[in-house]
Amino acid sequence: MSLDHSLTLPETLRYTREAALPREDWGSNSRVAPRIQFLQRGRLHEPDRMKSNALIRDLGRIVGSDAVLWRPEDLMLYEYDALSSITQPQAVVFPTSTKQVVGVIKVASQAKLPVVARGAGTGLSGGAVVAEGGIVVGTSRMNKILEIDLENRRARVQPGVVNLDLSLAVSDDGYYFAPDPSSQKACTIGGNVAENAAGPHTLAYGVTTNHVLGLEVVLPDGEVIHTGAKCWDRPGYDLTGFIVGSEGTLGIVTEIIVRLSRKPEWVETLLAVYNSVLDATRTVAAITARGITPAALEMMDGFTLRAVEEATHAGYPMDSAAVLLIEVEGLKEAVEENADQTEAVCRANHAREVRRAKSAEERDLLWRGRKNAFGALGRISPSYYVQDGVIPRTRLPEMLEFIEQVGKTHQLQIGNIFHAGDGNLHPLLMFDARDKDQSERVVKAAKAILSKCVEMGGSITGEHGVGIEKRDLMPLIFSEDDLEMMGRLKTVFNPRGDLNPGKLLPAGRLCGELRVQVSQGGEV
Amino acid sequence: MTAAVVAAHSGLAAIVGAERVVADESARATFTVDGRVPGLLVFPQSAAQVAGVLRFVAEHELAVIPCRNATKLGVGNRPRRYDIALSLKEMNRVWHYEPADLTISAEPGMKFGDFLHFVGRHGLWLPLDPAGGGRASLGGIVATNSTGPLRLSYGAPRDMVLGMRIATSEGKVIKTGGRVVKNVAGYDMAKLLIGSYGTLGVIVEVSFKLFPLPVELGTFVIPAGTLGIGRDIRRRILESPVNPMRMVLLDPVAATLVRRGTPLAAEVKEPEIWIECGGSEKVLNRCARELGELGKAAGAPVQRLEAASAEGAWARIGDCHDCLCEASPKVTILKVALPGAAGEEFLSRANQEAASEGVRLASFTQGGVGVIHLGLLDETAGLMALISRLRSAAEDLGGALIVERCAPELKERLDVWGAPGDDFGVMRKLKAAWDPKGILSPGRFVGGL
C-alpha cells in the first residue's frame, strides 16, 4: 500500500478509465465497460508490518495459508465489483465451512477490522467491495450444493454456488431456480441473497426473497443462527425475509434453503418490433391490462438493440426504434392463447412486426442478445453508467420522454434497457471517463432520472441494491424516522458496524447534512 | 379495570375524539382475548391517531392489542396484560389505486371481502384465501401472514406486500418498501411485520401487488381411498403439466363438513383431493383430461364440479376454523407446517396417536404447501400429551406445530408456538428495538415476546 493511500482525500467522485477486460459470453454487466470510481474520505488502515503479518498468520491458521491473499498485487482484483473501486482490503480469505467463517470473523473482530462477504463480484452498487478496508470473505470455495430434495422442491446450498449451476443440477428432472439475473452464469446465490437479486423472469415468478426459505447466518460476534426452515411458517419473526436484501450488513450467510420451481410445459418467445419507442412502452401496460402476466417483458430501444445486434447477431431489426421481448409460459393451451392475445395487443399498439421464436435455438439467441446487452454497449462506448430506477409501469411512456430530454439537456447518449413489465429501468448513460466534464454530466443526468422515478412514486433501486452507490440518496425516499429505525434494526445484528460498513444506510446520522451533500451533486 | 386505565380515558379521547373511546362493559366483552377483557376500546381514524394512541399507551405503560373486531385473536399465548383494544375498523380507505399498474394501497381495517369487490370491478384480485375469508381484515391477514390453499400457486401475503406504513410504539409513523412491484431500497422491514401478530408495530397502510382474475375456474374432486393413494395422486398432480391454483386433501370428516350446507352435501367415507384450476374453457378441458388420466392410473375416478356449487365449498375450506367449530364447539385446532411432501406421513402418525387417545380428527391438508389444519374434535384428559406427541411428530418431519385454538385452561399450560430456535436471541432484541416498553400484545408471541 503506497503512502498516498493514507492521505485523507476529499469526499468527491473521481473517474478513472481502466482497460476493458475480455468480454465473456455470460454478458456480465461488470467486466466490460470501464466504470465510475468512487473515492471517499480515506479512512484507510495502515497496520504496521508486524501486526499485518500476525493477522495473515492467524487467518492462515483458520482457512489454510493457500486460502489467504495478502500481497497488494493479489488484492488488487478485490478492490472492484461491477460498479466501483475504493480501496484494497487487508486480506482476502476463502473459507470452506461455516466454522472457518466463524474463525475469520473472530480474528477480524480482534484486529478491529471490518468484514465484507463477496460472491462473484458482479454486483452493481458497490456491495462487495470494502469501503473502509478490512477482510474480504470470498465464498468461492463454499460452492457445494448440500442437498437437493425434489419432492419437497427444495435445495440447500452454500453461498458460493453459482446461480445457473443450481438450475443445471436439477434441470434434467424438470426443475430450476427461478431468479435469473443476467449475470447468472457467474453470480452466486449468496450474492443473490445479499442483494435480493432479480432477473427478466421475476415479472411472473418474483425476486430472490420469494424463493428463499431459510438461512444459516454467522453474526459479527461469531454466533451462528438458523432462520426459517424447509417448511413455510416456522413460528417467529421472518428473519429470513429481513436478511435477504440486507447487502451483507447483518450477517454472513453460510447456508441457504431455496425453493425449486417446476419448468413450464410450453414457452413462447415473441419479439415485437416498433417504429416508435412510445408505442412499445404503451404496449406494456396494455398487456397487463388484458389480464396477461408474461413470464418476462423486456424492452430495448433502437440505440441499444443496434449495439446488441452488432455484437450478438441475434436477429434484432437494425432499423427499428424499439423492441419488446416477451415470453409467456405454462400449460400449452394457456400459452397459445396468451401469445395470440399478446400479439394482438402489440399490433393494436402499432408494432410493425411480431415474430415468434421457432425453436429453442432461436429463443436462446434472442435472450443471449438481451442478457449480453450491457456488454454490447461496452463495445461502442469507452464508459457507461447503468441506472436502476423503478416507476409504476403505466408511467413508462412519460419516463422515456423524460430520459430523452435529460439526454439532450446533458448532451449524452442514453440507451434504454428496461425490465418493462416491472417498470424497472436500466438507462445506460454513455460517456468517456477521460472527459471530466462528461463524467460530471453523467452523474447529474443519472440523478435527474432517479429523482423523476421518486417523483412518480417509484424507487431508486429495483434490483441492484443501495450499496455505496445510493446510500446517500436514501433520504430521497425515506424520512429520518424511517432511516433511524433501519439503523436501529441493523444494530440488533451488527452492533459495532463491523459487517460491510459504509453500505446501504447514509453515512452520517444527520440526514439534513446528507441532503445538502446530495444537492451538491454527491454520489449517485 | 385498573385505575390507570380509567385515567387513560380522557387522554385517549383527546387523541381520537370522545366518541371513539368506549368503556361500555358489553362492548368491551366482545374484544375478550383468552379470557382477558380490555379496559377500553379505541377506534382511531388515521395513521396519526394510531401513532398518538401508541405514544400515549407507552407513556402510561399500558398494554394494547391491535385488531379490527378481535374475531381472529385466538392465535397466540395468553396476553400478559391487555388494557386497551386498538380497533382499526374505522380505517378502511383505499389510497393510490391504479388498476393498470396492478398496485393498490389500503388501510388495515378494510374487510377482505370489500377489498376483493373493489378491485374485482377491474378484473383483479389478491389471490389469498385467508382464515376468516371475506370477514378478515387486510391488517389482520398481513399481521398473521394468513394463507389458505391458494398459497400453492400464488404465495403468501409476504410475497404480495410491496410496502407499508407502520405506527411504532414510540408514536412515529414510518415507511418501508414502496408502491412499485420491484424495490430493494433499504431494509425490508415489512417482512418483520408480516406474521408478527401485532407485537412489533401497527400497520396503518399496506401496498399490495394485484393479479388478474382467472377467466374461468374449474374444480375437480378425486376420492383418494387411503392416505397412500392420496400421496400417490398428489405426487402425480404436482409432476403433471397441470398447475393447480389450489389443492387440498380432506379427510372424510373434513370433506363432509366442507360439503355441508352446499349443493354438494354428502356423507363422505374416504379422503378426497379437491383441486381448482383457472383459465379458459380450453385450458380447463386440458386439465380435466390430464387429471382424468392420472386419476385412472391411480385407480381413482375424477369428478368435475359446477363452478357455482364449488365456490361455497372452497369458501368453507378457506374458513376451516369455522367448519371445525361447527363440528365440535370444544374443538382444538392445530396448524402443522411441514415440508410439502411430509403431509400424508404426518397424518398417518396423527391418526394412530389420536386413535390411541380416543380423539376424533378432522384434517385439511394444503397439498404441495405442507400446511395442515388439524381439528381434535374431542376433549380428553390426555389432550395435552396428545398435542405434545403430535408436535414431536411434526418436528421429526422437519416441521412445526402451532396450537391455533384451544380451551383457555389448556393455554395456561402449554406454549402454543412451541420452543423457539437458535435465532430467538435476535428475535428478542428485535422486539426490544421496535417496542422497548413491551406495550404491544405483550406475551402473545413466540417465546413469550
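Every number in this text was worked out from the coordinates using simple rules, so none of it is lab data. Here the structure is a predicted model, which is why all the values come from computation and not from measurement. A quick note on method: Cβ atoms are made from the backbone with ideal geometry, for glycine too, and the neighbour counts reach across all protein chains shown.
Annotation for region B:396-426: trypsin sites (Lys or Arg not before Pro) lying in DSSP loop with at most 13 further Cβ atoms inside 10 Å of their Cβ are B:Arg413. One compactness figure for chain A is 0.96, namely its Cα radius of gyration divided by 2.2 N^0.38 Å. Rounded to 0.05, the FRET efficiency of the B:Asp378 and B:Glu25 pair, given R0 = 35 Å and the Cβ-Cβ distance, is 0.55.
Rounded to two decimals, the Cα radius of gyration of region A:76-190 over 2.2 N^0.38 Å is 1.17.
Looking at region B:27-184 alone, DSSP beta bridges between its own residues are antiparallel in about 60 percent of cases.
For chain B, the longest principal axis of the C-alpha atoms and the axis of helix B:227-239 are separated by about 80°.
A straight Cα-to-Cα reach below 20 Å connects B:Lys89 with the aspartates and glutamates B:Glu19, B:Asp24, B:Glu25, B:Glu107, B:Asp114, B:Glu205, residues fewer than 8 places away in its own chain not being considered. Take every Cα pair under 8 Å whose residues are at least 6 apart in sequence, average their separation, divide by the length of chain A, and the relative contact order is 15 percent. Bridge orientation summary for the protein assembly as shown: considering DSSP beta bridges with both residues in this region, about 90 percent are antiparallel.
What FRET efficiency do you get for A:Arg347 and B:Ala307 if R0 is 35 Å and r is their Cβ-Cβ distance, rounded to the nearest 0.05? After rounding to 0.05, the efficiency reads 0.60. The loop-placed trypsin sites (Lys or Arg not before Pro) in region A:311-398, going by DSSP, that have at most 11 neighbouring Cβ atoms within 10 Å of their Cβ come out as A:Lys358.
A crude spin-label estimate for the pair B:Ser10 and B:Arg360, with each label 7 Å from Cα along the Cβ direction, gives 5.7 nm.
Cα axis of helix A:480-493 to longest principal axis of chain A: angle in degrees, 0 to 90, nearest 10? For helix A:480-493, the angle is close to 60 degrees.
Evaluated at q = 0.15, 0.24, 0.28, 0.34 Å⁻¹, a Debye calculation over the C-alpha positions of region B:64-107 (equal weights, vacuum) places log10 I(q)/I(0) at -0.55, -0.85, -1.00, -1.19. The value obtained for region B:172-213, namely the Cα convex hull volume divided by the number of residues, is 98 Å³ per residue. Stretching A:Asp364 away from A:Arg57 to a fully extended chain increases their span by 105.7 nm, per 0.36 nm per residue minus the current alpha-carbon distance.
Restricting attention to region A:102-208, which trypsin sites (Lys or Arg not before Pro) occupy a DSSP loop and are surrounded by at most 15 other Cβ atoms within 10 Å? Taking region A:102-208 and a limit of 15 other Cβ atoms within 10 Å, the loop trypsin sites (Lys or Arg not before Pro) found are A:Lys112, A:Lys144.
By the rule of a C-alpha distance below 16 Å, with chain neighbours fewer than 8 residues away ignored, the lysines paired with A:Lys436 are A:Lys444. Grouping the Cα pair distances of the protein assembly as shown into 10 Å bins from zero gives a pair-distance distribution of 2, 12, 21, 24, 21, 13, 6, 1, 0 percent in increasing distance order. Here the simple spin-label model places points 7 Å from the Cα toward Cβ, and for A:Lys436 and A:Glu336 these points are separated by 6.5 nm. Taking Cβ atoms as reference points and 12 Å as the exclusive limit, the residues near B:Val181 contribute a net charge of -1, counting Lys and Arg as +1 and Asp and Glu as -1.
Normalised by the number of residues in region B:137-217, what is the relative contact order in percent for Cα pairs under 8 Å and 6+ residues apart? This gives 36 percent for region B:137-217.
Could you size up the charge dipole of region A:357-434 around its Cα centre, putting +1 on the beta carbon of Lys and Arg and -1 on that of Asp and Glu, and report it in debye to the nearest 20? Let's see the in-between values first.
Values: 10 positive and 9 negative charges, 35 e Å.
Approximately 160 debye in magnitude.
The aspartates and glutamates whose alpha-carbon is closer than 14 Å to the alpha-carbon of A:Lys447, local same-chain residues fewer than 8 away aside, are A:Asp388, A:Glu455, A:Glu469, A:Asp472, A:Glu523.
Convex hull volume of the Cα atoms of region A:366-452, normalised per residue: 85 Å³. Projecting label points 7 angstrom from Cα along Cα→Cβ for A:Glu147 and B:Ser328 puts them 3.4 nm apart. Once Rh for region A:381-430 is found with the Kirkwood sum over Cα pairs, what is the Stokes-Einstein diffusion coefficient at 37 °C and 0.692 mPa s, in µm²/s? The calculation lands on 297 µm²/s.
Each principal axis of the Cα cloud of chain B was taken in turn, and the coordinate range along them, longest first, works out to 69, 57, 41 Å. Taking a label point 7 Å from the Cα of A:Arg488 along the Cα→Cβ vector, which residues of region B:160-188 have an amide N closer than 13 Å to it? Label zone hits: B:166-175. Among beta bridges identified by DSSP and lying wholly in chain B, the antiparallel ones come to about 90 percent. For the residue pairs B:Lys209/B:Lys431; B:Lys172/B:Lys431; B:Lys191/B:Lys429, alpha carbon separations beyond 18 Å are given by B:Lys209/B:Lys431. Only Cα pairs under 8 Å and 6+ residues apart enter the sum, and on that basis the relative contact order of chain B stands at 16 percent.
Length gained on full extension, A:Asp172 to A:Glu73, computed as 0.36 nm times the residue gap minus the Cα-Cα distance: 31.4 nm.
The Rg/Rh ratio of region A:380-512, with Rg taken over Cα atoms and Rh as the Kirkwood radius over Cα pairs, comes to 1.02.
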